[in-house]
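Read the structure below first, then the notes.
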Amino acid sequence: MRNRAQLPLPVAAAAALVAPEIPASKLGVSRHARLSRPERELYFSILRRFATAGRPSRSEMSALARQVGLEDAQALDTLAREDLFHLGGDGEISVASPFSGLPTAHRVRFPNGHEVFAMCAIDALGIAPILGKRIEIASCDPLTSEEIQVALEPGGEGHWQPEKAVLVCGASGGGESCSSCCPVLNFFASMDNATSWLPSHADVRGDVISMGEAIAGGRVVFGDVLKEV
C-alpha cells in the first residue's frame, strides 16, 4: 500500500463534509456539546467499550449508566435524540457512531486483533483519530464487490489498495444520519466504478471524493469526539 494522504487538508475535508450534508453540530466536540457531563461519560464509555471488547449488551449499558448516576432509559433517549446512538428492534445497540452494532461492509481491525464494524466509510476512517490508534479497514466496492484495504495512522497518514480507490460521499433522503448518509458513504475501487454507480441511484445527492479528502473528513468529524467541551 503506497498511497499517502498529506494531512491535515482543510479544503479536502470540506469536500467530504458538504456532500453528505454533515452540519457543524456533528463535528468533533460539537457532537456531544448538548449532553450533560454524566451523559457524555456514558457516551464515551459506550464508544470505548466498542473499541476494546465489542458491542455492550443492554444490561451492560444499564450498568454503565448507573455508574455515572443516570437512569439508563432516559439517558439513552437523550443520546438517540442527539443522533449519537440508536437501539435496534431487539433493544440492543444498532448504532453508536462511528461504530455499528450490526455487521456492515466496513470492518475495522485494531493492532491487538480486535475487530469492529463502522457505520460508513467516513466513520471507519474516523476511528483512528478518535482513539489515537492505528487501524486497518477492509471494505468492498458496492458495484463489483472488489475488496478495498486501508491502513491508517492516528495522525492521518494513510495507505490503501487499490491505489485508485475513492469514495462516494453524499446522502439520500433525510432524518437520522444512520439512514440518510451512512448507506451512501462507501469505498469504491476506482473512479470509473463510483461514477458508474451514481447514475443508477437517482435518489443519492452526492459526488466522488478522493481518499485524501475522505481521511481529512473523518478526522474533522471524529478526531476530537472523546474530548470534553
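The values are calculated or read from the model by the stated rules, or taken from the named source; none is laboratory data. Computed from a predicted model, the values in this text were never measured in an experiment. Please note: Cβ atoms are built from the backbone with ideal geometry, for glycine as well, and neighbour counts cover all protein chains shown.
In the range 144-159, what residues are over 15 Å from A121 (Cβ atoms) and assigned to a strand (DSSP E or B)? Show your work before the answer.
First, the residues of the range 144-159 that are over 15 Å from A121 (Cβ atoms): 144-145, 153-157, 159.
Of everything in the range 144-159, just one residue is over 15 Å from A121 (Cβ atoms) and assigned to a strand (DSSP E or B), namely H159.
I need the full set of residues from the range 154-175 which are of a type in the set (D, E, K, R) and either modelled with pLDDT of 95 or more or closer than 21 Å to S196 by Cα (or both), in order please. Within the range 154-175, E163, K164 qualify.
The set of residues in the range 215-228 being over 18 Å from P23 (Cβ atoms) and in a helix (DSSP H, G or I) consists of I215 alone. Among the residues making up the range 56-85, a single one is out of contact with any helix residue (DSSP H, G or I) (no Cβ under 8 Å at 6 or more places or on another chain) and in a loop (DSSP other than H, G, I, E, B): S57.
For the range 97-146, the set of residues classified as in contact with a Gly (Cβ under 7 Å, 6 or more places away or on another chain) and closer than 27 Å to D192 by Cβ consists of I122, L125, G126, listed by residue number.
Residues of the range 10-58 being more than 19 Å from the chain's Cα centre (by Cα) and at pLDDT 90 or above, which ones? Within the range 10-58, R34, L35, S36, R37, P38, E39, E41, S57 qualify. The residues of the range 121-140 that are over 13 Å from F110 (Cα atoms), in a strand (DSSP E or B) and either out of contact with any Asp or Glu (no Cβ under 6 Å at 6 or more places or on another chain) or not assigned by TED's automatic domain parsing to the domain that holds E157 (or both) amount to a single one, S139.
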